[in-house]
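Peer 1: Here you go, one structure.
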Amino acid sequence: MSQGKETKALDSLEGIHWPRLPGVGAQMMRPVLAQLKQAQWLPPEALVERQLQQLQSLLSYAQANVPYYQRKIGSDLFDPLFGLTLENWRKLPILRRSDIQDNAADLLSRNIPASHYPLGETQTSGSTGQPVKVTSTSASRLFWSAVTMRDHYWHRRDFSGKLCSIRAIPADSGSVAKGQDSPNWGWPAAQLYKTGAASILSLGTDVSAQAEWLAERNPEYLLTYPANLAALEEHFRSSGRELPNLKEIRTVGEMVSKELRRKCRETWGVPLSDVYSSQEVGYMALQCPESGLLHVQSETMMVEVLDEAGKPTPPGEVGRVVVTGLHNFAMPLIRYEIRDYAEPGELCSCGRGLPTLRRVVGRLRNMLVLPNGDKRWPLTGFHDFRDIAPIRQYQLVQKSVERIEVRYVVDRPLTAEEEEKLRAVIQNALGHPFELSFQYFDELTKTSGGKFEEFISEVAA
Ligand SMILES: [Zn+2]
């Protein structure tokens with residue numbers, strides 16, 4: 001790993017130099033990081049073996065202390081005396097989002113270990129219309145933070161650099177939404193290293209104001225969502241404005257296109273690294289610094305990709321993502337169907353044994369439904385739009401199995417000829433002559449979680 005030359009490790013709580021008082025969090029973090037550093041190189045079978053040991057511990061605990069699992073996982077499904085195999089594991093029931101909503105109280109342990117306090121609470125965004133609350137523990141948050149550090153190490157970030165984040169900020173955070181500057185990167189990086197400054201701004205800010213804010217701060221690192229990044233890239237490209245210090249862009253929350261990566265290289269000369277995470281469970285996969293595949297974070301999370309019959313999906317095929325956090329003993333989510341779809345990848349050429357995802361493709365509601373009932377990902381062709389007409393932003397909404405509403409934000413009204421060309425491109429990309437209606441908007445809105453969806457099927461959901 002490499003930290004910038006300005007960076008030096010802290011071994012005391014900030015501001016306390018004598019006698020040294022090791023930070024409690026940092027003290028626990030170091031041994032965890034040392035273990036993660038080793039574990040990533042374990043062969044895949046060894047990782048699975050260790051995961052199963054930890055899952056066995058979680059499962060026996062849940063069966064004894066969590067009412068929901070007392071009912072759902074009887075001794076016919078799992079008997080602690082006989083250990084846990086992958087075969088047994090795959091027979092356990094899937095936990096759906098509606099199960100969490102219907103059984104919120106029964107999913108809480110009646111006997112949370114004292115050492116796992118203090119508890120926290122995460123409320124997921126209502127972007128899917130089905131918000132859920134998840135209780136976290138000191139242990140689950142520590143591992144979440146350890147993976148954050150791993151991401152910094154993998155991508156060789158210079159902690160002395162300035163970090164700017166533009167992200168969804170809860171409406172009740174008051175003045176933070178207008179932008180807030182901090183002297184350091186915050187937990188966990190600032191507990192372990194002397195870091196540069198960090199600033200945060202609400203995603204709800206106009207793109208031109210975001211650009212102004214970024215230019216004033218001139219950061220080394222930028223963190224935001226892909227759809228927002230695409231709008232920023234266009235703004236910087238067309239305005240000729242620059243971010244001369246920028247070294248890397250990190251994205252979270254949505255799928256990243258190859259095109260967006262290319263544009264970031266062209267406009268800012270920097271790479272983009274992506275993280276696959278969710279508010280409910282935290283980091284599921286980080287981008288490999290060598291191959292670009294997403295590495296599943298096996299030390300903290302079991303991630304399964306399953307076909308409709310519940311069997312593991314082979315590399316090259318898309319399946320639904322089912323996750324289990326290994327360490328949350330307050331509210332265990334066992335085999336939680338997170339409602340994303342992903343394509344598993346092969347073993348990575350970098351040598352890490354952590355399994356890979358080639359791509360995360362989106363949610364069920366982002367799938368096109370064909371008139372014969374088949375579903376598929378409407379992923380191709382749309383990038384040609386701007387070659388045809390001055391389209392700033394678009395969104396396709398499938399209203400029925402035959403009809404799709406095409407929503408555009410445009411620089412000027414389109415001609416009939418342009419609409420005809422677009423119709424042909426869309427029908428060709430979707431693989432069916434859908435009936436298309438064009439609608440023009442001043443702005444297309446993001447979901448409350450800050451995500452922007454290019455394709456929404458009201459039929460699939
Ligand atoms: Zn790799």
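The values are calculated or read from the model by the stated rules, or taken from the named source; none is laboratory data. Treat the numbers as computed from the prediction; the structure is a model and nothing was measured. All Cβ positions, glycine included, derive from the backbone under ideal geometry; neighbour counts span all protein chains shown. For accessibility, only protein heavy atoms count, side chains too; no ligands or nucleic acids. Shrake-Rupley method; radii C 1.70, N 1.55, O 1.52, S 1.80 Å.
Peer 1: What is the spin-label model distance, in nm, from residue 239 to residue 347 if the labels are put 7 Å beyond Cα along the C-beta direction?
Peer 2: It is 4.9 nm.
Peer 1: Filter the cross-link list 37/247; 162/247; 178/263; 91/311 down to pairs whose alpha-carbon distance in this structure exceeds 19 Å. Please list the in-between numbers first.
Peer 2: Values: 37/247 24 Å; 162/247 10 Å; 178/263 28 Å; 91/311 10 Å.
The answer is 37/247; 178/263.
Peer 1: Another question, then. Length gain on complete extension for the stretch residue 399 to residue 39, per 0.36 nm per residue less the alpha carbon to alpha carbon distance? Before the final figure, lay out the partial values.
Peer 2: Values: separation 360, 0.36 × 360 = 129.60 nm, distance 4.74 nm.
Computed gain between residue 399 and residue 39 is 124.9 nm.
Peer 1: Round to the nearest 0.05 the FRET efficiency obtained for residue 53 and residue 460 when R0 = 56 Å and r is the Cβ-Cβ distance. The partial results should precede the final answer.
Peer 2: Values: r = 38 Å, r/R0 = 0.68.
It comes out at approximately 0.90.
Peer 1: From the helices alone, meaning DSSP H stretches of at least four residues, give me the mean residue ellipticity at 222 nm for the chain, per-run term -39500 (n - 2.57), in deg cm²/dmol to the nearest 500.
Peer 2: Values: 12 runs with 130 residues, N = 461.
It comes out at -8500 deg cm²/dmol, rounded to the nearest 500.
Peer 1: Would you mind checking the radius of gyration and Dmax of region 200-342 based on alpha-carbon positions, in Å?
Peer 2: 17.7, 53
Peer 1: Using DSSP to define loop residues, name the GluC sites (Glu not before Pro) in region 239-328 whose beta-carbon has at most 15 other beta-carbon atoms within 10 Å. It would help to have the intermediate numbers written out before the result.
Peer 2: Details: sites: 242, 248, 254, 259, 266, 280, 290, 299, 304, 308, 317; in loops: 242, 254, 280, 290, 299, 308, 317.
For GluC sites (Glu not before Pro) across region 239-328 that sit outside H, G, I, E and B with at most 15 neighbouring Cβ atoms in 10 Å, the list reads 242, 290, 308, 317.
Peer 1: Give, as a single signed number, the net charge of other residues whose beta carbon lies under 14 Å from the beta carbon of residue 401, with Lys and Arg counted +1 and Asp and Glu -1.
Peer 2: Numbers: positive: 375, 376, 399, 403; negative: 374, 402, 405, 435, 458.
Charge balance in the 14 Å sphere: -1.
Peer 1: Per the Cauchy relation, a quarter of the hull surface: what is the mean projected area of the convex hull of the alpha carbons in region 368-457, in nm²? Present the calculation step by step, with values, prior to reporting the outcome.
Peer 2: On the way: hull surface 23.3 nm².
Seen from a random direction, the Cα hull of region 368-457 projects 5.8 nm² on average.
Peer 1: Provide the per residue accessible area, probe 1.4 Å, for the chain, rounded to a whole number of square angstrom. If you can, show how the numbers build up before the last one.
Peer 2: Details: 21630 Å² over 461 residues.
It amounts to 47 Å² per residue over the chain.
Peer 1: Using a 1.4 Å probe and ignoring any ligands, DNA or RNA, find the accessible area of residue 75 and quote it in Å² to the nearest 10.
Peer 2: That residue has around 90 Å² of solvent-accessible surface.
Peer 1: Mind ordering 139-147, 64-72, 80-88 by average Cβ neighbours within 10 Å, highest first?
Peer 2: On the way: 139-147: 21.6, 64-72: 17.8, 80-88: 12.3.
Descending mean neighbour count gives 139-147, 64-72, 80-88.
Peer 1: Straight-line reach from residue 72: which aspartates and glutamates have a Cα under 12 Å away, not including same-chain ones fewer than 8 places off?
Peer 2: Those aspartates and glutamates meeting the cut-off are 99, 106.
Peer 1: Follow-up. Calculate, axis by axis, the spread of Cα positions in the chain along the three principal axes, and write the results as whole Å, longest axis first.
Peer 2: 69, 58, 44
Peer 1: Further, regarding this structure: Take the solvent-accessible surface of the protein heavy atoms, probe 1.4 Å, and return the percent of it on region 368-457 that carbon and sulfur atoms account for. Spell out each step's value before the answer.
Peer 2: Details: 2150 of 4670 Å².
With neighbouring chains kept in place, the figure for region 368-457 is 46 percent.
Peer 1: Efficiency by 1/(1 + (r/R0)^6): what FRET value for residue 155 and residue 111, r their Cβ-Cβ distance, R0 = 35 Å, to the nearest 0.05?
Peer 2: Values: r = 40 Å, r/R0 = 1.14.
Between residue 155 and residue 111 the formula returns 0.30.
Peer 1: I want to make sure I understand the PRE zone here: with the label point 7 angstrom from the Cα of residue 377 toward its beta carbon, which residues in region 204-237 have backbone N atoms less than 18 Å away?
Peer 2: Answer for this model: 226-227.
Peer 1: Cα centroid distance between region 94-164 and region 32-69, in Å?
Peer 2: 17 Å
Peer 1: In addition: Quickly work out the residue 258-to-residue 440 label distance, labels modelled 7 Å from Cα along the C-beta direction, and quote it in nm with one decimal.
Peer 2: 3.4 nm
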